[in-house]
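J.: Following this message is one structure expressed as structure tokens.
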Amino acid sequence: MLGARLRARFLTLAPVAFVVAGCGSKQDALEPRSGAAHGISSLWWNMLIGSALAFGVVAAILIGAWFRRHREGVPGVRDGDRAAFVVVVALGVVVPILVISALFFYGDIFLVRQTAVPTENAAAADKPRLTIRVIAHQFWWEVRYPGTAAVTANEIHFPVATPVQVLLSSDDVIHSFWFPQLNKKQDVLPDQTNRLLLYADRVGRYRGQCAEFCGLQHAHMSMYAFAEPDADFRAWLAAQSKPASGTGSGGTSLFVSKCGSCHTIRGTEASGDVGPDLTHVGSRTSLAAATIPNTRERMRAWIDDPQAVKPGNQMPKVDLTSAQLAELVRYLEARK
Ligand code: CUA
């Protein structure tokens, strides 16, 4: 009896354990860190439990019928067998309609609430206190802080426990902005601005991912969001708003001539807008849309042959001697 119960429990939980293990800890919709993400997580669990119960009842009846058929031969429904008729109608028609309708209306009402635009009808506590503009590109995220000169890429910093409005648009095709622990997915379109509320109830680094197929490197179009104490965020924003310092070195002219038509370093003549703004690239934790850590070796490999690291991305291989490559890496590392 106990064995059967344990076995049943394992069979119910095995698919859940598989899903949870597959998601990892940094990008996990079942480990919500905001009210909106909690709502989505509850919706998922309630749908799973409701569907599992309905499936369980159907499976139990099927198994029961199979055993009965083997014990008693093929049973025909005899005329006037009222009990059989009631069971078929109740469990085959009434219960499925009730369960599926309940789940449908629950999901529908939730979705309507969840898709409300953040600034309208928001309670005072939910009114955004900061606006961030995110522009999607194949295959990276440009991040701007309106009212400041700060421009960064693939790493969003924002104050913890503070509602933040994110204005989303695309420079090319349709992308989708998604931090599973913080909120729903939001389509990012080339011809309109969509809004999403970003909120994290605790300090931490959250992983996000483009959730709309947008080309060869779609799966590696990732990003990080750093929820920080307000003072840390203000200090970070002030530093990012400044132009690069110490740009008088030889590295500057090398960067301007080799990389400056695609990338910007504020305070130098490099002012390209094809790839990320690299004014403070040395302060980032990752490179190449959060796919590699920002270390000397990985940066060198990335610049040396971008197509080997991320095939199909838009960064060309630039002709560099090994001395030039080393100088560029040193120069970029110093852009804190
Ligand atoms: Cu951008 Cu998928």
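The values are calculated or read from the model by the stated rules, or taken from the named source; none is laboratory data. Quantities reported herein were computed from a predicted structural model and do not represent experimental measurements. Surface accessibility is based on the protein's heavy atoms, side chains included, excluding ligands, DNA and RNA. Shrake-Rupley method; radii C 1.70, N 1.55, O 1.52, S 1.80 Å.
J.: Solvent-accessible area of Thr321, probe 1.4 Å, all protein chains present, reported in Å² to the nearest ten, please.
T.: The accessible area of Thr321 comes to roughly 80 Å².
J.: Antiparallel as a % of all DSSP beta bridges within the stretch 130-241, to the nearest 5?
T.: Numbers: 22 of 34 bridges.
Around 65 percent antiparallel, to the nearest 5.
J.: Mind pulling the angle between the C-alpha long axis of helix 322-333 and the longest principal axis of the chain? Nearest 10 degrees, somewhere in 0 to 90.
T.: That helix lies at roughly 70 degrees to the long axis.
J.: Tell me the accessible surface of His137 in square angstrom (1.4 angstrom probe, heavy atoms of protein chains only), to the nearest ten.
T.: The value for His137 is about 10 Å².
J.: Let me ask you something else. Express the carbon and sulfur contribution to the solvent-accessible surface of the chain as a percent, rounded to the nearest whole number, probe 1.4 angstrom.
T.: Ligands and nucleic acids excluded, carbon and sulfur give 62 percent.
J.: Can I ask one more? In whole Hz, what ³J(HN,Hα) sequence does the stretch 100-106 give by Karplus (6.51, -1.76, 1.60; θ = phi - 60°), x for Gly and Pro?
T.: Karplus values, whole Hz, x for Gly and Pro: 5, 5, 4, 5, 4, 5, 4.
J.: How large is ³J(HN,Hα), in whole Hz, for each residue of the stretch 301-306 in order, when computed from phi with the Karplus curve 6.51 cos²θ - 1.76 cosθ + 1.60 and θ = phi - 60°, using x for Gly and Pro?
T.: Calculated HN-Hα couplings, in order: 5, 5, 6, 4, 8, x Hz.
J.: Oh, and also: When the helix-only estimate is applied to the chain (DSSP H runs of n ≥ 4, each -39,500 (n - 2.57), divided by the residue count), what is the mean residue ellipticity at 222 nm, nearest 500 deg cm²/dmol?
T.: Numbers: 9 runs with 135 residues, N = 336.
Only helices count here, giving -13000 deg cm²/dmol.
J.: Another one. Kindly report the accessible area of the stretch 250-333 per residue (heavy atoms of protein chains, probe 1.4 Å, no ligands, DNA or RNA), in Å².
T.: Working: 3880 Å² over 84 residues.
Solvent-accessible surface per residue comes out at 46 Å².
J.: Turning to a different aspect of this structure: Grab every C-alpha pair in the chain, bin the distances at 20 angstrom width from 0 up to the longest one, and report whole percents.
T.: Distribution as computed: 25, 43, 21, 9, 1 percent.
J.: In addition: What does the accessible area per residue of the stretch 32-115 come to in Å², with a 1.4 Å probe and no ligands, DNA or RNA counted? Write down the numbers at each step before the final one.
T.: Values: 6320 Å² over 84 residues.
With all protein chains present, the stretch 32-115 gives 75 Å² per residue.
J.: Using a 1.4 Å probe on the protein heavy atoms only, what accessible surface does His218 show? Give it in Å² to the nearest 10.
T.: Here the accessible area works out near 40 Å².
J.: Please work out the C-alpha center-to-center distance from the stretch 210-250 to the stretch 272-336 and express it in whole Å.
T.: After rounding, the separation between the Cα centres reads 14 Å.
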